[in-house]
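Asks: This is the structure, below, for whatever I ask next.
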Amino acid sequence: KTQMASTNNQSETFAAGQCVFIDVTAESQASLDKGQITITKEADAPGDAVNVKKGPPLFVKAALASLAISILFYVMVFIYLGVSSNQTGYTQNLEIAVVNLDDGIIGKAFVAFARSLQAGNGLPTFNVLSSTSYDDARNRVADAVSWGAVVVQPNAWNNLVAAFQTTDNTFVTSSAIQFIYDESRFPTVVASRVSGPVRALITAFCQNISASIVNKMGSDPSTSASVSAAAVSAPRLLSQPVWFTENNLHPATVQVATFGLTVGMILLVVFTWSSWMATYGMTTPATPPATLEEARALFLARFVVITWITFCISLSFTFIWQALGANFPSAAAWVSFWLVHWLNMVNYGMTFAAATHILTFQKAPAAILFMIIFNGVGAFNELSLANPFYQWGWAMPMAHAVMASRTIIFNGRDQVHNLSHIVAHFSHLFFHYSSVSVFQNSPPLPIR
């Protein structure tokens, strides 16, 4: 119990824990200055209980914090690594188009070979098309409809027979089949799941059919003489009469594939986050804005600062790409690449601002780590090779920034066009802006 006494010898007793408000007038202020207003505490009566709430000991807090951080780390790593945990089981989602333009033995044999291959077991799906044009097959790869295409060229069998009959040593045996793929679509996936396995399959087919053709023609009286003549004047026809060529539409350099599409994207997020922290610290006033107008002015100042910083960083990033050997097809492509990443960084900045406003500056980093992990799921992993659970990764801005980068740099024609990139970015801006209103029940302004 607490007793308050004033200069006029009046006193009043208050219960423990009760809030006491003293109206300090001019007279009482003078008494307070002289020390004549005092607050005393009486001795506790027998049986009185005084409840004092104390927090857990420091070591308990540290243990709980460590446990929470460990769980958070486990969840984030599990989410990120889980997307690529069973790529072999989903390789069948990758399509390889098969186009047969040959009416002879080679074309029919390859179609039968492709249909005998069962999807799965680490192999893509071979889809035999009824297309009658090489350009159709090439465009399917360029437009990211198919991951690759195998084309048996027109008159492949007739040309080979004519070469044997004339013992033409200049005949190009590799003209029979062409394998088309686009490394720029996803360099690591194309190398490990498309170009490597399909190349091995075509090689095995060519070796088998070459041996079969030579044996058959050598044992046939009508063609045995041609085989004997070819052994003298055109030995290449006997060693490998059927072979193939490769057409990589857009080869990806190591620097661009490694730095630009992985490390570079991560650095953009890190620099945006550090820029936002610096901007937040520099523009935070000593006292919170008292009016909506002041809050709007603070919001505008922060927006201008973060926009200018990301402008400079994204411009520098584009110059770095060019210095590493990225071949921009045109000046417009260079500008498009820079604008895509500037818009991407502004989106990150708005994301961090929304998280800071909703969770406060001290709690925001944990949520921002989740945002970075979620963005990385779609950006650095091919979701066609992931569990259907991870398909939400297509909605992440970083995934669209990576796809846009490949499309611009390698002059490819991705299914996800520039409009989709822009819509994805601005939909996230709208989402973060609306989230602030919902959680705060106040104007969505980062005023904390």
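Asks: Where residues in segment 65-77 are hydrophobic (A, V, I, L, M, F, W, C) and either in contact with a Lys or Arg (Cβ under 9 Å, 6 or more places away or on another chain) or surrounded by fewer than 12 Cβ atoms within 10 Å (Cβ to Cβ) (or both), which of them is modelled with the highest pLDDT?
Replies: This residue is LEU67.
Asks: Further question on the same structure: Which condition number does PRO289 fail, the rest of (1) in a helix (DSSP H, G or I); (2) surrounded by 13 or more Cβ atoms within 10 Å (Cβ to Cβ) being met?
Replies: Condition not satisfied by PRO289: (1).
Asks: Continuing with this model, one more query. Considering only residues that are free of Cβ contacts under 8 Å to residues at least 12 places away in the same chain, more than 19 Å from SER84 (Cβ to Cβ) and not polar (S, T, N, Q), which ones fall in segment 346-395?
Replies: LEU359, LYS363, PRO365
Asks: Only residues that are in a loop (DSSP other than H, G, I, E, B) and either at pLDDT 90 or above or closer than 30 Å to VAL161 by Cα (or both): list them for segment 82-107, please.
Replies: Passing the criteria: LEU94, LEU101, ASP102, ASP103, GLY104.
Asks: So, one more: Whether any residue in segment 344-355 is within 23 Å of the chain's Cα centre (by Cα) and not in a helix (DSSP H, G or I) is what I want to check.
Replies: no
Asks: Let me spell it out: the conditions are (1) at pLDDT below 90; (2) within 30 Å of ALA229 (Cβ to Cβ); (3) in contact with a helix residue (DSSP H, G or I) (Cβ under 8 Å, 6 or more places away or on another chain), and PHE110 meets all of them except one. Which number is the exception?
Replies: (1)
Asks: Of the residues GLY264, GLY325, which is open to solvent by less than 70 Å² (accessible area, probe 1.4 Å), in contact with a Phe, Trp or Tyr (Cβ under 9 Å, 6 or more places away or on another chain) and either in contact (Cβ under 8 Å) with a residue 60 or more places away in the chain or of a type outside the set (D, E, K, R) (or both)?
Replies: GLY264
Asks: Can you name every one of the helices (runs of 4 or more DSSP H) wholly within segment 149-254 that holds 2 or more residues which are in contact with a helix residue (DSSP H, G or I) (Cβ under 6 Å, 6 or more places away or on another chain) and open to solvent by 20 Å² or more (accessible area, probe 1.4 Å)?
Replies: 156-166, 196-219, 221-233
The values are calculated or read from the model by the stated rules, or taken from the named source; none is laboratory data. Everything numeric here is computed off the predicted structure, so don't read it as measured data. Ideal geometry is used to build each Cβ from the backbone, glycine not excepted, and the neighbour counts take in all protein chains shown. Please note that ligands, DNA and RNA were not included when accessible areas were found on the heavy atoms of the full protein model with its side chains. Shrake-Rupley method; radii C 1.70, N 1.55, O 1.52, S 1.80 Å.
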